[in-house]
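Okay, so here's the structure we're looking at.
The values are calculated or read from the model by the stated rules, or taken from the named source; none is laboratory data. Just so it is clear, the model here is predicted, and its values are computed rather than measured. Ideal geometry is used to build each Cβ from the backbone, glycine not excepted, and the neighbour counts take in all protein chains shown. We work out accessible area using only protein heavy atoms, side chains counted, and drop any ligands, DNA or RNA first. Shrake-Rupley method; radii C 1.70, N 1.55, O 1.52, S 1.80 Å.
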Amino acid sequence: MKKNILFIHKKNCSYSIKLIKLLKKKFLLKTSSSNIYSEILKISKTNKFDYIILFRSHVILKKNILRMSKFGVINFHPSTPNYRGIGGVNFAIYNNEKYFGSTAHYINEKIDNGKIINVKKFKINKKNKILNHLYAQTLNGMYNQAKFIFSNLNKLDSLCNNAKNEKWSKMLYKKKDLEKLYKIKSTNIKKGELKKIIKATNTENFKPYINLYGYTFRLKDK
C-alpha cells in the first residue's frame, strides 16, 4: 500500500519540482508551497498523512500539525548539524570549514533539534569556498539526500542508528546573527578579517556593508 505524504516545499524551486515528479510515482502525494500556517493546517486537518516532509521550506510547524503525521515529520536542513538555524553556508565559509553538507532529521518543537536521520557531507574545495558555489553544491547534495531518504522510508530506524554519533550544536543561529556577520563594525578592521567577511557574505543580491556618519556603504564588485 502506498504511503500518504504531504510535501511542503519552496515555491518555484527546481529541486522541489523534480522531487514532486519522483514522489508522485511512489506515494499518494499532497503538496504545498505556502508559508502560511493556516493553509498548511487546513490541509493537515482534512487529510491523513503517514509522513509530512519539508524541503527548502521556512514554515515552523507547531505541535498540532506535528501530531497529524503517523510516522513523523521530516525536514531537510541545508547545513551540517553544527550549524543550526539560518546562514549555515555563510558561517561555514567564514569559519573556513573543511566539510559541509545537509541534514535529514525528524522535526520536534524546537528548531533544528529533532532526531538526526542522515547527514550528507562533502569536502569544501577551493572553488566552492565561493558562497554561491557552496550553496549550489549544498542544495544539489540535499536533493540527492532526499531521493535516498524517500527510497528508504522503511529503513529510517536503521539510518538513525547509523547517524547516532551526529549531534546538533547547542548554538542556534538566528537572523540577527547573520545580519551581524554582514555588518562591518569598524574602518580599522584588519585586511584578513575583511576578506573573510566578504567571502562569507557577498552575493549578487546581498552585500556586506558599513555605516559611517549616518550613511550606509555597501560593497561594490570589481
If one compares the long axis through the Cα atoms of helix 131-150 with the longest principal axis of the Cα atoms of the chain, the angle in degrees, nearest 10, works out at 10
Going residue by residue through segment 182-190, the Karplus relation 6.51 cos²θ - 1.76 cosθ + 1.60 with θ = phi - 60° gives ³J(HN,Hα) values, rounded to whole Hz and with x marking Gly or Pro, of 6, 8, 7, 7, 8, 6, 8, 4, 6
Using the Kirkwood radius over Cα pairs of the chain, the Stokes-Einstein translational diffusion coefficient at 25 °C and 0.890 mPa s, in µm²/s and rounded to a whole number, is 130
Longest principal axis of the chain (C-alpha) makes with the long axis of helix 14-26 (C-alpha) an angle, in degrees to the nearest 10, of 10
Taking a straight Cα-to-Cα line shorter than 17 Å from Lys199, and setting aside same-chain aspartates and glutamates fewer than 8 residues away, one finds Glu97, Asp177, Glu179, Asp221
For Lys199 and Lys48, extending 7 Å from Cα along the Cα-Cβ vector and measuring point to point gives, in nm, a value of 5.4
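Rounded to the nearest 500, what is the 222 nm mean residue ellipticity of the chain from helices alone, with -39500 (n - 2.57) per DSSP H run of 4+ residues and division by all residues?
Theoretical 222 nm ellipticity from helices: -10500 deg cm²/dmol.
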Most fluctuating of Ile107, Ile40, Ile93 in the GNM of the chain (C-alpha, under 10 Å) is Ile40
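One-quarter of the Cα convex hull surface for segment 41-89, in nm²? Mind dumping the intermediate values first?
Values: hull surface 15.2 nm².
The orientation-averaged projected area of the Cα hull of segment 41-89 comes to 3.8 nm².
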Rounded to whole Å², per residue accessible area for the chain with a 1.4 Å probe reads 61
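I'd like the carbon and sulfur percentage of the solvent accessible area for segment 92-222, probe radius 1.4 Å, heavy atoms only, ligands and nucleic acids excluded. Let's see the in-between values first.
Numbers: 4440 of 8880 Å².
Heavy-atom surface of segment 92-222 belonging to carbon and sulfur, 1.4 Å probe: 50 percent.
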In order over segment 200-213: 3J(HN,Hα) from phi, Karplus 6.51/-1.76/1.60, θ = phi - 60°, whole Hz, x for each Gly or Pro, gives 8, 10, 7, 9, 5, 9, 10, 9, x, 8, 9, 9, 9, 6
Sorting Arg218, Arg84, Arg56, Arg67 on solvent-accessible surface, 1.4 Å probe, most exposed first, gives Arg67, Arg218, Arg56, Arg84
Note to self: C-alpha centroids of segment 73-116 and segment 177-222 sit apart, in Å, by 24
Nearest-0.05 FRET efficiency for Asp221 and Ile17 at R0 = 30 Å, using Cβ-Cβ distance, is 0.45
For Asn140 and Leu41, extending 7 Å from Cα along the Cα-Cβ vector and measuring point to point gives, in nm, a value of 4.1
Dividing the surface of the Cα convex hull of segment 1-118 by four yields a projected area in nm² of 7.7
For Lys147, placing the label point 7 angstrom along Cα-to-beta-carbon and taking segment 1-37, residues whose amide nitrogen sits under 19 Å are 10, 13-27
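On the protein heavy atoms, probe 1.4 angstrom, tell me the percent of accessible surface of segment 1-79 carried by carbon and sulfur. Write out the running numbers ahead of the final one.
Details: 2390 of 4470 Å².
Ligands and nucleic acids excluded, carbon and sulfur give 53 percent.
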